[in-house]
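Below is one structure; the comments refer to it alone.
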Amino acid sequence: MLEVNPTKYSSAQLLLEASSEQLPAPKGVALSIMEACQDEDSTLQQISKLVQMDPSLSGHILKMANSASTGRRPVVAVPQAIVRVGMKTVGQLAVAFSLIGNESLTHCRAFNHQKYWTRCLLLAVLARSLTKATQIAPPEDIFACGLLARIGVLGLASIYPEAYSEILSKPATEQTLLEKEVFGISHNELSLAMMIDFCVPEALAVPTRYHEEPECSGFEPKTRPYIITTVLHLAYCLSEAAISDNGTITTDTSAIQKICSELKFEAGTIDTIFNNSLEEWREWSEIFQLKTDNIPEYQKLKFETAEQAKSNKVTLHADFDIVKPAIIEDTPVVSSLKSILSQLGLACAHCDKTSTAIQLAMNGQANVFFTSQNNHKFIDLLRGTKQIDDSYIFVVLDKLDNELETQAYRVGADDVITLNITAKHLHARLQPAIRMLKRYERWRSDQSELSRIARELSLSHRKQEVLALTDQLTELPNRRAAMEVLDKTWKLSLRTQKSFILVILDIDHFKTINDSFGHDIGDEVLKNVASILKKFTRGEDTIARIGGEEFLLISPNMPIREALIAAERLRQSLEITTLSLGDLNINVTTSIGVAMFEKTMQSKEDLIIAADKALYAAKHNGRNRIGLNLKGKVQMVKKIREKTQKNDQD
């Protein structure tokens with residue numbers, strides 16, 4: 001009898017969060033790679049640099065890339081290997097490789113690190129080979145899943161070393177039920193939570209969670225998740241036959257044959273896959289300094305008999321692990337039902353108070369409740385709490401009574417049972433509860449997915465809006481954005497009767513630069529000029545590239561004299577700046593046209609035409625000049641500085 005009974009967690013995620021410091025997790029380079037591989041902005045070069053920081057990991061990734069090839073040239077560079085394996089898969093492999101053989105992760109005396117990792121490695125190699133044959137998923141992805149499929153075993157051994165040692169001393173067929181009884185979760189549930197935490201995609205992590213019990217997955221036959229689970233289950237069974245725990249085998253030959261038939265393997269295919277995988281497994285084991293037992297070829301493997309398999313098999317409903325039962329208050333109900341639920345592999349909570357049960361429901365730690373015929377208070381509270389709409393209530397009667405049964409349904413019970421119910425009967429009565437809970441789970445998943453899609457669409461829409469209003473070369477606002485700002489500024493000036501300045505700048509002889517040095521150099525000139533323009537604008541100004549070598553500046557609340565001084569500073573700055581572009585040193589100048597919002601103008605187009613005329617005059621008068629269009633007259637700035645000052649005074 002287990003003495004230790006740690007705090008139970010009905011959710012693997014809760015345990016993951018509460019025990020994060022004790023759980024095996026990647027560190028250093030492996031952690032950096034995992035995080036980088038999940039960042040959509042990470043580049044191949046960045047991932048390659050991280051991998052190359054760990055020579056050992058670089059070798060593992062190269063081996064994976066080359067062993068994955070079929071008739072392709074071997075790769076010798078890490079970036080090529082990452083491309084072949086896949087960036088996200090590299091992140092998962094980095095996690096798994098960093099944990100293999102690290103005996104400091106747990107101090108569980110009954111936990112055999114060598115045997116655990118040796119079997120995980122064989123499971124991964126077999127799963128990868130089987131995936132190649134089925135072509136249901138990238139083999140490297142399934143290899144990573146195979147390595148992490150049983151990570152929950154290592155997790156429980158790390159968090160509860162003493163209690164888990166006692167569980168490991170029990171028969172293998174009882175260990176999962178004992179995990180549920182003692183910890184509230186099984187190692188498979190914890191494996192799923194840890195894989196998700198390690199950034200394994202749910203589309204792979206969920207099928208992997210059911211690799212020991214594919215019949216509990218609820219996946220539709222012939223679907224991708226179903227086949228992935230089946231492949232991993234076959235690899236699990238073969239690895240168990242090759243490297244058994246305490247000499248115990250729980251798979252018979254007929255089961256293997258049935259799986260092979262389901263995967264449409266021809267006779268002899270599994271023999272070849274297994275025997276070829278052994279060679280690769282020995283290579284990997286040598287790399288990680290794991291002991292390789294003398295495993296026989298497939299034909300010499302020992303499986304249990306069909307009779308043993310039948311007697312050891314515990315069959316639960318496909319989604320039984322969704323059930324989180326709790327018994328409310330009554331001692332007779334507790335003693336009777338706890339034993340029956342235990343037979344079904346369900347560990348239940350016992351709540352002495354109604355408030356405790358409500359709290360469990362609100363926290364998602366219980367969803368199927370058993371209460372007596374007299375506890376209407378609990379049912380009223382549960383049904384009256386809007387946040388709890390996914391709970392199923394059984395009212396337990398001493399014996400069949402039509403009147404009490406009718407009353408129970410009226411107050412809000414979902415089902416009514418009696419104390420003398422059998423495990424088989426309760427198993428059947430739980431089916432509607434499971435269906436209801438699965439519907440809520442799918443609904444929540446759909447809601448979450450819809451929210452995610454809505455967020456992504458919103459973000460994508462914002463990005464598209466930004467892209468639509470941005471010049472991709474200079475990263476300045478483009479012509480469309482400039483016209484929108486000009487329209488708003490024009491309308492504001494009409495309302496407030498406050499003027500603003502419009503400036504058009506054009507790089508002199510830009511066509512010559514393109515013709516002489518090429519468009520790449522021309523692009524660099526544009527980017528450098530844009531950078532200088534940004535430095536000379538105020539926070540309230542808008543500087544935009546409106547086409548070719550032309551830029552437009554909108555300056556609200558700026559007197560004309562200050563605008564001309566600022567334009568002159570900008571012109572001089574560009575004139576004295578030498579642009580160093582590789583081996584070239586290039587000097588550029590600009591011609592500038594300045595105009596001001598005037599009451600006589602009918603539209604913003606009039607203002608654009610005025611500034612454009614000033615620009616044309618600057619170019620016509622020798623370039624590298626500033627032209628001003630004021631009250632319909634265009635003059636060069638150096639000739640009108642005194643007039644400008646007088647105009648401001650007017």
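Given a cut-off of under 8 Å on Cα pairs at least six residues apart, what relative contact order in percent is computed for the chain?
Working: 911 pairs, mean separation 52.9, N = 650.
So the answer I get is 8 percent.
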So which aspartates and glutamates can residue 399 reach, going by Cα to Cα under 16 Å and dropping same-chain residues fewer than 8 places off? 330, 415
Roughly how many whole Å is it from the C-alpha centroid of region 109-150 to that of region 201-237? 13 Å
Rounded to the nearest 20 debye, dipole of the chain from Cβ charges on Lys, Arg, Asp, Glu: 2660 debye
Taking the alpha-carbon centroid of each part, what is the distance from region 366-387 to region 259-297 in angstrom? 53 Å
Shape call, region 560-600: gyration tensor on alpha carbons, a/c limit 1.5: prolate
Within the under-11-Å Cβ sphere about residue 391, not counting residue 391, Lys/Arg +1 and Asp/Glu -1 give a net charge of -1
Among 90, 579, 397, pick out the residue whose Cα is farthest towards the positive end of the charge dipole of the chain, where Lys and Arg carry +1 and Asp and Glu carry -1 on C-beta, about the Cα centre. 579
Here are a few candidate values for percent of Cα pairs over 32 Å apart: [x] 78; [y] 64; [z] 58. Which one was actually calculated from the structure I just gave you? [y]
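At a Förster distance of 45 Å, what's the computed FRET efficiency of residue 600 paired with residue 447, Cβ-Cβ distance as r, to 0.05?
Details: r = 59 Å, r/R0 = 1.31.
My answer for the efficiency is 0.15.
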Say the dipole of region 125-198 comes from +1 at the beta carbon of Lys and Arg and -1 at that of Asp and Glu; which of 152, 129, 168 then lies farthest toward its positive end? 129
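With the Cα gyration tensor of region 543-584 giving a ≥ b ≥ c as the square roots of its eigenvalues, does the rule (a/c under 1.5 for rounded; else a/b larger than b/c for prolate; else oblate) give rounded, prolate or oblate? Working shown, then result.
Details: a/c = 4.04, a/b = 1.63, b/c = 2.47.
Verdict is oblate for region 543-584.
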Once the piece of chain linking residue 435 and residue 272 is laid out straight, how much longer is it, given 0.36 nm per residue of separation minus the C-alpha distance between them? 54.5 nm
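Over the residues of region 388-462, compute the C-alpha Rg and express it relative to 2.2 N^0.38 Å.
Details: Rg = 19.3 Å, N = 75, 2.2 N^0.38 = 11.3 Å.
Cα Rg divided by the expected 2.2 N^0.38 Å: 1.70.
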Output needed: percent of Cα pairs per 5 Å distance bin for region 519-650, bins running from 0 to the one holding the longest distance. 2, 10, 19, 23, 21, 13, 7, 4, 2, 1, 0
Report, by chain and number, residues whose modeled amide H sits under 5 Å from the one on residue 368, excluding near sequence neighbours (fewer than 5 apart, same chain). 324, 326, 392
Accessible area (Å², per residue) of region 373-469, counting only protein heavy atoms and a probe of 1.4 Å: 66 Å²
Which value, in debye to the nearest 20, describes the size of the charge dipole of region 437-569 about its Cα centre when Lys and Arg Cβ atoms bear +1, Asp and Glu Cβ atoms bear -1, and nothing else is charged? 980 debye
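For the chain, give me the percentage of DSSP beta bridges that are antiparallel, rounded to the nearest 5 percent.
Values: 29 of 49 bridges.
Antiparallel bridges make up about 60 percent of those DSSP assigns within the chain.
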Can you pull the Kirkwood radius for region 391-532, inverse mean 1/r over Cα pairs, to one decimal in Å? 23.1 Å
Find the percent of Cα-Cα distances in region 128-185 that exceed 14 Å, and round it to a whole number. 62 percent
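For residue 390 and residue 454, FRET efficiency with R0 = 22 Å and r from the beta-carbon atoms, rounded to 0.05?
On the way: r = 23 Å, r/R0 = 1.03.
Here the calculated transfer efficiency is 0.45.
For each pair in 498/604; 222/438; 488/527; 222/300, compute the distance between the two Cα atoms and list the pairs where it is over 19 Å.
Working: 498/604 14 Å; 222/438 21 Å; 488/527 27 Å; 222/300 31 Å.
Flagged as over cut-off: 222/438; 488/527; 222/300.
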Below 12 angstrom from the Cβ of residue 521, what's the summed charge of the other residues (Lys, Arg +1; Asp, Glu -1)? -4
Amide H of residue 350: which non-local residues (sequence gap of 5 or more, or other chain) have their own amide H closer than 5 Å, using H built in the peptide plane? 327
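Which value, to two decimals, describes the C-alpha radius of gyration of region 18-147 once divided by 2.2 N^0.38 Å?
On the way: Rg = 15.2 Å, N = 130, 2.2 N^0.38 = 14.0 Å.
Working it through for region 18-147, the quotient is 1.09.
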As an exercise, identify the chymotrypsin sites (Phe, Trp or Tyr not before Pro) in region 484-579 lying in DSSP coil whose Cβ has no more than 16 other Cβ atoms within 10 Å. 536
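Take each uninterrupted DSSP H stretch in the chain, measure its Cα extent along the helix axis, and return the ones at 18 Å or beyond whose mean Kyte-Doolittle hydropathy is at least 1.0. Before the final figure, lay out the partial values.
Working: long enough: 55-68 (20 Å, 0.19); 87-99 (19 Å, 1.15); 113-134 (31 Å, 0.11); 224-242 (27 Å, 0.78); 269-287 (28 Å, -0.72); 331-343 (19 Å, 0.58); 423-468 (64 Å, -0.92); 479-496 (25 Å, -0.57); 519-535 (24 Å, -0.19); 560-576 (24 Å, 0.12); 604-620 (24 Å, -0.06).
Helix filter hits for the chain: 87-99.
I need the Kirkwood Rh of region 131-234: take the reciprocal of the average 1/r across all distinct C-alpha pairs and report it in angstrom. Numbers along the way, then the final one.
On the way: mean 1/r = 0.0703 Å⁻¹.
14.2 Å is the Kirkwood radius here.
Using only helices, what value at 222 nm comes out for the chain when you add -39,500 (n - 2.57) per DSSP H run of length 4 or more and divide by the total residues, to the nearest 500 deg cm²/dmol?
Values: 28 runs with 370 residues, N = 650.
For the chain, the value works out to -18000 deg cm²/dmol.
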About the Cα centre, and with charges only on the beta carbon of Lys, Arg (+1) and Asp, Glu (-1), how big is the dipole of region 372-440? Nearest 20 debye, please. 300 debye
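The values are calculated or read from the model by the stated rules, or taken from the named source; none is laboratory data. None of the values given here were measured: they were computed from a predicted structure. Counting neighbours? That spans all protein chains shown, and the Cβs are built from the backbone with ideal geometry, glycine included. Just so you know, the surface numbers come from the protein's heavy atoms only, side chains and all, with ligands and any DNA or RNA stripped out. Shrake-Rupley method; radii C 1.70, N 1.55, O 1.52, S 1.80 Å.
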